[in-house]
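*Asks:* Quick one: the structure is below, and I'll ask about it shortly.
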Amino acid sequence: MSLIQALNWRYATKKMNGNAVPQDKVDQIIEAAHLAPTSSGLQPFKVIVITNPELKAKIAELAYGQQQIIDCSHLLVFAAWDQYTEENIRAVFAHANAERGLPATATADYENTLITTLTSKTAEENYHHAAKQSYISFAMAIAEAALLEVDATPMEGFDAGKLDELLDLKALNLRSTTMLTLGYRDENGDWLVNLKKVRSPLTDFVVAY
């Protein structure tokens, strides 16, 4: 299946059947998220994988009772850095240089410029920048899930502050941005499953100059 075919197949599943997604497929979806491009390669976010039924039930309460959270196989929570610091920026480049067999000084000038630029911004500005990067990864996960014919429901409808408290994300210097449920559609119980996929006309979507 091509990516276009896969995206036509997928939809925001409203009811899942509770069946487990094979771990190898979950691993592929996470790896797609892991390989997503990010600004300066900083990868300023993490993906939290949740399968514990009790924890999923608590999260569902913070997400207006969305049943997919309870019925899904795996819940992915995307959480962005709450701040760019010299320490976390240098750690990224130190790892990259070591993996590439480069001296620690190879990226020194770029690191210094990046640190000066990012640490001069407010924490809220930095969080929003990092959150945007997490959404690129989020989209990659959705696309890979579709290619594997795993249903995935994107979710922003939750109390982020309470979710951060529940998962103790502050201790990890993270703030939640979005969630993705992975599972399989309930063919008989989902009102959306057989409805035609509709997007705005391509002639309206594309603005050409």
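The numbers here are math on the coordinates, done by the rules we state, and not lab data. This structure is a prediction, so every number in the text was calculated from the model and none was measured. All Cβ positions, glycine included, derive from the backbone under ideal geometry; neighbour counts span all protein chains shown.
*Asks:* Over the chain, what is the relative contact order in whole percent, taking alpha-carbon pairs under 8 Å and six or more residues apart? Working shown, then result.
*Replies:* On the way: 315 pairs, mean separation 77.1, N = 209.
Computed over the chain, the figure is 37 percent.
*Asks:* Would you mind calculating the gained length between Ile48 and Ala108 on full extension (0.36 nm times residue separation, minus the Cα-Cα distance), in nm to one decimal? Please report the intermediate quantities before stating the final value.
*Replies:* Numbers: separation 60, 0.36 × 60 = 21.60 nm, distance 3.11 nm.
Computed gain between Ile48 and Ala108 is 18.5 nm.
*Asks:* Let me ask another. Viscosity 0.890 mPa s, temperature 25 °C: Stokes-Einstein D of the chain from its Kirkwood Cα radius, in µm² per second?
*Replies:* Working: Rh = 18.7 Å.
Rounded to a whole number, D works out at 131 µm²/s.
*Asks:* To continue, here is another question. Provide the net charge surrounding Glu124, with neighbours chosen by a C-beta distance below 14 Å and charges set as Lys +1, Arg +1, Asp -1, Glu -1. Please list the in-between numbers first.
*Replies:* Working: positive: Lys121, Lys132, Arg175; negative: Asp82, Glu125.
Its environment carries a net charge of +1.
*Asks:* Excluding Gln23 itself, calculate the net charge of residues whose Cβ lies under 15 Å from the Cβ of Gln23, where each Lys or Arg counts +1 and each Asp or Glu counts -1. Please list the in-between numbers first.
*Replies:* Numbers: positive: Lys25; negative: Asp24, Asp27, Glu31, Glu144.
So the environment of Gln23 carries a net charge of -3.
*Asks:* Lysines within cross-link reach of Lys58: Cα-Cα under 19 Å, excluding same-chain residues under 8 positions apart?
*Replies:* Reachable lysines: Lys14, Lys15, Lys162, Lys170.
*Asks:* Something else: Set the Förster radius R0 to 45 Å, insert the Cβ-Cβ distance between Ala91 and Ala12 as r into 1/(1 + (r/R0)^6), and round the FRET efficiency to 0.05. Kindly include the intermediate steps, with their values, before the conclusion.
*Replies:* Numbers: r = 36 Å, r/R0 = 0.80.
Step by step, r from the Cβ atoms, then E = 0.80.
*Asks:* Less than 12 Å Cβ to Cβ from Phe45, Lys/Arg counted +1 and Asp/Glu -1: what total charge do the surrounding residues give?
*Replies:* Numbers: positive: Lys46, Lys132, Arg175; negative: Asp82.
Around Phe45, the charge tally is +2.
*Asks:* Additional query: Could you give the longest part of the chain that holds none of the trypsin sites (Lys or Arg not before Pro) found in DSSP loops with at most 15 neighbouring Cβ atoms within 10 Å? The partial results should precede the final answer.
*Replies:* Working: sites that count: Lys121, Lys196, Lys197, Arg199.
That would be 1-120.
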